[in-house]
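Trainee: Structure in structure tokens, see below.
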Amino acid sequence: MRNFFLFLALFSLNAVARPTAPGNTQIAIETQRTALVIRVNKEGDPTVVHLGKRLQNSAEYGLLSDNNKRGEDYTNLYNSAYTPAGSRNLLEPALQVAHADGNPSSDLKYVRHETKTVADGVVLTTVFLKDPQYPFEVKLFYKAYQNEDVIEQWSSIRHTEKKTVRLQKYASANLYVPAKNYYLTHFHGDWAREMNPQEIQLTAGLKVLDSKLGTRADLFQPPSFLLSLNKPAEEETGEVIAGTLAWSGNYQIQFEVDPLQNLRLIAGINPYASEYMLAPDKEFVTPAFLFTYSNSGKGQASRNLHRWARKFRIPQGEGNRLTLLNNWEATYFDFNEEKLTTLFKDGKKLGVDLFLLDDGWFANKYPRNDDHTGLGDWQENKQKLPHGLGYLVKEAEKAGIKFGIWLEPEMVSPKSELYEKHPDWVIKLPNRAEYYFRNQLVLDLSNPKVQEFVYGVVDGILTKNPTLGYIKWDCNAVIYNAFSATNPNPTHLYVEYVQGLYKVLERLRAKYPTLPLMLCSGGGGRVDYGALNYFTEFWPSDNTDGLERIFIQWNYSYFFPAIAMCNHITDWGKQPIKFRTDVAMMGKLGYDIVVSKLDEKELAFSQQALQTYSRVKDVIWQGDLFRLISPQTNDMASLLYVSEKQDKAVWFSYLVGNRYREGSMAPIPLKGLNPGKKYKIQEVNTMPGDNSPINRNQAVYSGDYLMTVGFNPVVDARRTSVVLEISEQN
Ligand code: DGJ
């Protein structure tokens, strides 16, 4: 035994001292600044040998050792680009299958790869793998967005075995990152307290982020994270990978610090209760995992994702958005035509583009007068709206604004005509008591008839009301008692639910390509880039308290751009209307208040704020975000949006602490300006009659000065929120 260990120790030393000779095939997936390099090793396995900064000379990737190994890899698979289970692998697999003959193992050997430009600045690399013993193939896809430094990665699985193959785990991505230490920032929450960050140092073994909620899958934990290498994540320095899975259902993201202290990352659909029976010749395509690598901190990582999302993912990501007045908190379920037409006029007076009618407008046999009834019966409630939606659309248009509605088409109330007619469309177990989340159940979107129904509801309303200008699509319940009465494969439910949802959204988008659609899930229960393929914007949280919102928006901003973040001014919280308005401006602004309750000054302020917003919104929506002072660790928050041309910027600062003399005691150095340009700074969004100490000073500053010395926005207990407009002076 002693000899065995001695042999092992010598063997390991030897392996460290002499890196294994590189294989012949090297696949470099590169963007402008980053590279993911896959090497086919001697055994023909695809392995990840580099993930980080791009080398100037790609030939030098050949000099990389077999991945900085600090010891012996007993399998030569720790750094597999797609780890197969059941053969020689000892760690977490990316793929686990039972073949048609019952064999529970797989092996994946490199066959070939191809690289092509699929759009301007977008290069797709496909790596073809095959099991030597079975007609079983996996393709790995890597879409590299050159200018944005984002890589979108997914896989597909296909076979021609004699019978069905059981897919037990089928990840989208399998990466390998060597560093000294790993710091993971993940986010957790619940209703009205979404996106609380937690940074931990990863220790040997596994850390898993996941969801098993089915729908509203991100309620406790979203599929987005920041991974910082060597030291904790910082805003503008250090190596950071920002990653997120584009999937609106159960997911699993695993971080495994392996026996060599390298990090293995496996991300994909959660295999929990989701064994997938793959028939011969059918292809299973996994959702995309998106990531960006930055060696200048979290700031650059999030700017990369924002640019990518606006350009390539979110519908009209570089286009316009509508300001709106929502009636949810103003009326809840208690409204009628008269009340609503008054609200249209209020919306117009305020100066918004659209009125959004929320929950409660539908169902007759079981009227939707509270949240216990009516979901599924999408006909106008005759008592509240005797003249139907068409009348409201016209009345709103007469008042000079557009009209939109709330829908929750994936759900059903136990008390509804839909449930009575189609009990088999509802997700529930025949021999278990029904269990409700917000008094409702989930429709089985894995059933094509349900998909047709949901599509028909939305299409029907839009066909009848062609000028309807907006839909807020809500999803308030998780899946309990997961079972489909109609799906021949019960374990496909979780996966085919999301696929069914995407099919419906795909059809709707094909017919209504420019319709603004808000992604809402009882607050931010579903915020991911799978859904944001279809939705123009998302509702981050029902918590609209101005102070709370700074934190919530701050944390979403690591992954999602301002143009997609709906921020409404409501009566939540103790902050004055100016504070709440300033916070809402850092995204897509809306209102959910009783306009007639605003006093004269507040109304005048809000009307002016909407005009200011319309002047500066493009900088906020399309500019680069620099998070200057974090509210997580300071008594202040400060965020700057800079236009791409660096000719304009909008700077928001808030007091978040309430101790004596807290606030901006010193100048705050800015970021992202052009050092050679000259800028003027003007305070905007002040209350009528308030004099700004900033505007008394007419000085002009160079970008160099503002980024080196900085500027004091004068935030203190009397000025708890300050918005400064920075403009280039010629
Ligand atoms: C939850 C949403 O987050 C709210 O904004 C509102 O639309 C309610 N649902 C309506 O039921």
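The values are calculated or read from the model by the stated rules, or taken from the named source; none is laboratory data. Keep in mind that this is a model prediction, so the values were computed, not measured. FYI the Cβ positions are ideal-geometry reconstructions off the backbone, even for glycines, and counts take in every protein chain you see.
Trainee: Restricting attention to the range 573-622, which residues are part of a helix (DSSP H, G or I) and among the acidic types (Asp, Glu)?
Mentor: Within the range 573-622, 582, 600, 602, 618 qualify.
Trainee: While we're here: Which one of 65, 105 is part of a loop (DSSP other than H, G, I, E, B), in the same structural domain as residue 269 (by TED's automatic domain parsing) and at pLDDT 95 or above?
Mentor: Just a single option satisfies the conditions, and that option is 105.
Trainee: Mind checking which residues of the range 108-125 are touching a strand residue (DSSP E or B) at 6+ places or on another chain (Cβ under 8 Å), in a strand (DSSP E or B) and surrounded by fewer than 17 Cβ atoms within 10 Å (Cβ to Cβ)?
Mentor: Of the residues in the range 108-125, the ones touching a strand residue (DSSP E or B) at 6+ places or on another chain (Cβ under 8 Å) are 108-118, 121-125.
In the following step, the residues that additionally are in a strand (DSSP E or B) were identified as 109-118, 122-125.
Result: 109, 111, 112, 114, 115, 116, 117, 118, 124.
Trainee: Give the residue, chosen from 129, 140, that is touching a Lys or Arg at 6+ places or on another chain (Cβ under 7 Å), in a strand (DSSP E or B) and over 30 Å from residue 478 (Cβ atoms).
Mentor: That would be 129, the only listed residue that is touching a Lys or Arg at 6+ places or on another chain (Cβ under 7 Å), in a strand (DSSP E or B) and over 30 Å from residue 478 (Cβ atoms).
Trainee: For the range 324-350, enumerate the residues that are in a loop (DSSP other than H, G, I, E, B) and either within 14 Å of the ligand (Cβ to nearest atom) or not assigned by TED's automatic domain parsing to the domain that holds residue 373 (or both).
Mentor: 327, 332, 333, 334, 335
Trainee: Restrict the check to the range 479-489 and report whether at least one residue is in a helix (DSSP H, G or I), touching a residue at least 24 places away in the same chain (Cβ under 8 Å) and more than 16 Å from the ligand (Cβ to nearest atom).
Mentor: no
Trainee: Related question: Determine, yes or no, whether residue 553 is without any contact (Cβ under 8 Å) to a residue 60 or more places away in the chain, within 16 Å of the ligand (Cβ to nearest atom) and in a helix (DSSP H, G or I).
Mentor: For residue 553, the condition - without any contact (Cβ under 8 Å) to a residue 60 or more places away in the chain, within 16 Å of the ligand (Cβ to nearest atom) and in a helix (DSSP H, G or I) - is met.
Trainee: Moving on to the next point. Would you pick out the residues in the range 416-463 that are exposed (fewer than 14 other Cβ atoms within 10 Å of the Cβ) and within 16 Å of the ligand (Cβ to nearest atom)?
Mentor: 436
Trainee: Moving on. Restricting attention to the range 683-729, report how many residues are β-branched (Val, Ile, Thr) and touching a helix residue (DSSP H, G or I) at 6+ places or on another chain (Cβ under 9 Å).
Mentor: Matching residues across the range 683-729 total 6.
Trainee: How many of the residues making up the range 605-627 are of a type in the set (Gly, Ala, Ser) and out of contact with any Ser or Thr (no Cβ under 6 Å at 6 or more places or on another chain)?
Mentor: Residues in the range 605-627 being of a type in the set (Gly, Ala, Ser) and out of contact with any Ser or Thr (no Cβ under 6 Å at 6 or more places or on another chain): 2 in total.
Trainee: Let me ask something else. Out of everything in the range 154-194 that is out of contact with any helix residue (DSSP H, G or I) (no Cβ under 9 Å at 6 or more places or on another chain) and β-branched (Val, Ile, Thr), what residue ends up being modelled with the lowest pLDDT?
Mentor: That would be 177.
Each row is one residue, and each column tells you yes or no for (1) of a type outside the set (Lys, Arg); (2) in contact with a Pro (Cβ under 8 Å, 6 or more places away or on another chain); (3) in the same structural domain as residue 548 (by TED's automatic domain parsing); (4) touching a residue at least 24 places away in the same chain (Cβ under 8 Å).
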position	(1), (2), (3), (4)
681	yes, no, no, yes
690	yes, no, no, no
695	yes, no, no, no
698	yes, no, no, no
710	yes, yes, no, yes
715	yes, no, no, yes
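Trainee: Something else now. Surrounded by 22 or more Cβ atoms within 10 Å (Cβ to Cβ) and in contact with a strand residue (DSSP E or B) (Cβ under 6 Å, 6 or more places away or on another chain), is that true of residue 81?
Mentor: yes
Trainee: Are any residues in the range 351-375 within 14 Å of the ligand (Cβ to nearest atom) and within 24 Å of residue 455 (Cβ to Cβ), and if so, which ones?
Mentor: Within the range 351-375, 356, 357, 358, 359, 360, 361, 362, 363, 368, 373, 374, 375 qualify.
Trainee: Moving on to the next point. Could you list, in sequence order, the residues of the range 528-543 that are within 15 Å of the ligand (Cβ to nearest atom), touching a helix residue (DSSP H, G or I) at 6+ places or on another chain (Cβ under 7 Å) and either assigned to a loop (DSSP other than H, G, I, E, B) or among the polar types (S, T, N, Q) (or both)?
Mentor: 540, 541, 543
Trainee: Taking the options 441, 389, 385, name whichever one is modelled with pLDDT of 95 or more, hydrophobic (A, V, I, L, M, F, W, C) and assigned to a loop (DSSP other than H, G, I, E, B).
Mentor: 385
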